[in-house]
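> If you scroll down you'll find the structure; I have some questions about it.
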Amino acid sequence: MFRDETPQAQAPRTAPQNPEPMPDAPQPAPRPQKKSAGRDLGAAIGVGVGLGAVIVASLFVVKAVFVGVVVVAVVVGLWELTSRLQERKEIKAPLVPLALGGAAMVIAGYVRDAEGAWVAMALTALAVLVWRMAEPPEGYLKDVTAGVFAAFYVPFLATFVVMMLAADDGAWRVLTFLVLTVVSDTGAYAVGWRFGKHKLAPRISPGKTREGLLGAVSFAMVAGALCMQFLIDDGSWWQGLLLGLAVAASATLGDLGESMIKRDLGIKDMGTLLPGHGGIMDRLDSLLPTAPVVWLLLVAFVGSG
């Protein structure tokens, strides 16, 4: 007989240390994953509040101080943009003529309105063309093309902010522009984070949703109605509704536009200057294309002041 068939007392077998569950045994439900904001929210709020305090203080104390704040933002934004272009694409857009021309563009827009801004823009483009001639011709076309693009994208669009400021109620116009843009971004973030399911432009910015866009439109239209009714001379609530709708559209397109640039460059942020936000350009992305829209609609609704 085989030994295992012998009727002897067997020692008790110990149970395996990690028994595998039976196939039909119910498995514990996975814990729901919390949505993440993707950034240091505390730092982002603190920096945002600090920047807002500086901007509002300069806006209502002395207008020239606010113009200086815009000039600093433009120069830093140009430095970030040209640095990333050189690092990632080996495109050497000349920073010196861009910075000097950008500062001149903002000041000319404040002093001489749109005419001054256009003249300064043309001279800046010419300066970029001439400055780049001091280096070898290889890459000349792409460098000057990027330089002219940078001059238009950052300082020229920023001139519409100081052109708003030049009106009699200019401080309130600029405040309305800033409030509507921030409210639009906040509405898109809050609604998209909580309810977003349908992607708006997944190949450009996977985090943006159609629900977030509706949030931006709703928040901006309400804020626009309040601002036009109570902050702008001779403004009306229905004009604010249209203004808010336009701001939500331009801010979203501006955000998507910079996302395209960053995707082409293969980067997440344009810089690291602002904790929780990225760089200056990461905060200007929705403001820059919105400035001419707000300036134009305010002129159409209540005049140039």
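> Answer yes or no: is there a residue in the stretch 275-296 that is more than 16 Å from the chain's Cα centre (by Cα), of a type outside the set (S, T, N, Q) and not in a helix (DSSP H, G or I).
So far as the stretch 275-296 goes, no, none of its residues is more than 16 Å from the chain's Cα centre (by Cα), of a type outside the set (S, T, N, Q) and not in a helix (DSSP H, G or I).
> Scan (1) outside the structural domain of Val247 (by TED's automatic domain parsing); (2) surrounded by 19 or more Cβ atoms within 10 Å (Cβ to Cβ) for the single condition Met133 breaks and write down its number.
(2)
> In a helix (DSSP H, G or I), among the small types (Gly, Ala, Ser) and modelled with pLDDT under 95: does that describe Ala114?
Criteria met by Ala114.
> Separate question: Determine whether the stretch 276-294 contains at least one residue that is of a type in the set (A, V, I, L, M), out of contact with any Phe, Trp or Tyr (no Cβ under 9 Å at 6 or more places or on another chain) and more than 23 Å from Leu81 (Cβ to Cβ).
Of all residues in the stretch 276-294, those of a type in the set (A, V, I, L, M) come to 280-281, 284, 287-288, 291, 293-294.
Still in the running and out of contact with any Phe, Trp or Tyr (no Cβ under 9 Å at 6 or more places or on another chain): 281, 284.
Adding the requirement that they be more than 23 Å from Leu81 (Cβ to Cβ) leaves none.
Among the residues of the stretch 276-294, not one is of a type in the set (A, V, I, L, M), out of contact with any Phe, Trp or Tyr (no Cβ under 9 Å at 6 or more places or on another chain) and more than 23 Å from Leu81 (Cβ to Cβ), which makes the answer no.
> I've got another one for you. In contact (Cβ under 8 Å) with a residue 12 or more places away in the chain and not in a helix (DSSP H, G or I) - does that describe any residue in the stretch 56-68?
No, the stretch 56-68 has no match at all.
> Inspect the stretch 36-50 for any residue being at pLDDT below 95, outside any helix (DSSP H, G or I) and of a type in the set (Asp, Glu) and give the result as yes or no. Even if it seems obvious, please write down each step before you answer.
Pass one, the stretch 36-50, residues at pLDDT below 95: 36-50.
Retained after the next criterion (residues that are outside any helix (DSSP H, G or I)): 36-40.
Then keep just the ones that are of a type in the set (Asp, Glu); that gives 40.
Looking for residues that are at pLDDT below 95, outside any helix (DSSP H, G or I) and of a type in the set (Asp, Glu), one finds at least one in the stretch 36-50, hence yes.
> Give me the residue from the stretch 242-271 that is of a type in the set (Ser, Thr, Tyr) and out of contact with any strand residue (DSSP E or B) (no Cβ under 7 Å at 6 or more places or on another chain) and, out of that set, nearest to Ser184 (Cα to Cα).
Thr252
> Further question: Quick check: anything in the stretch 74-94 touching a Pro at 6+ places or on another chain (Cβ under 8 Å), small (Gly, Ala, Ser), under 24 Å from Ala127 (Cα atoms) and buried (at least 22 other Cβ atoms within 10 Å of the Cβ)?
No, that holds for no residue.
> Might you let me know whether the stretch 133-141 holds any residue that is under 22 Å from Val72 (Cα atoms) and either of a type outside the set (Gly, Ala, Ser) or part of a helix (DSSP H, G or I) (or both)?
No, there is no match, as no residue in the stretch 133-141 is under 22 Å from Val72 (Cα atoms) and either of a type outside the set (Gly, Ala, Ser) or part of a helix (DSSP H, G or I) (or both).
> Being under 13 Å from Phe301 (Cβ atoms), free of Cβ contacts under 8 Å to residues at least 24 places away in the same chain and outside any loop (DSSP other than H, G, I, E, B) narrows it down to one residue among Leu226, Leu241, Leu214; which is it?
Only one candidate qualifies: Leu241.
> Of all residues in the stretch 249-270, which are part of a loop (DSSP other than H, G, I, E, B) and either out of contact with any Leu (no Cβ under 9 Å at 6 or more places or on another chain) or more than 17 Å from Val75 (Cβ to Cβ) (or both)?
Narrowing the stretch 249-270 to residues part of a loop (DSSP other than H, G, I, E, B): 266-270.
Scanning the stretch 249-270 gives Gly266, Ile267, Lys268, Asp269.
> Any residue in the stretch 181-207 that is at pLDDT below 95 sitting within a Cβ distance under 6 Å of a residue that is part of a helix (DSSP H, G or I) and of a type in the set (Ser, Thr, Tyr)? List the pairs, counting only those 6 or more apart or interchain.
What qualifies is Ile204/Ser259; Ser205/Ser259.
> Can you tell me which residue among Val299, Val293 is free of Cβ contacts under 8 Å to residues at least 24 places away in the same chain and either assigned by TED's automatic domain parsing to the domain that holds Arg84 or surrounded by fewer than 22 Cβ atoms within 10 Å (Cβ to Cβ) (or both)?
Val299
> State which residue is modelled with the lowest pLDDT when the search covers only the stretch 252-305 and only residues that are closer than 26 Å to Val47 by Cα and polar (S, T, N, Q).
Per the stated criteria, the residue is Thr272.
The values are calculated or read from the model by the stated rules, or taken from the named source; none is laboratory data. Since this is a predicted model, take the numbers as computed values, not measurements. Quick reminder, even Gly has a Cβ in these numbers, built from the backbone with ideal geometry, and neighbours come from all protein chains shown.
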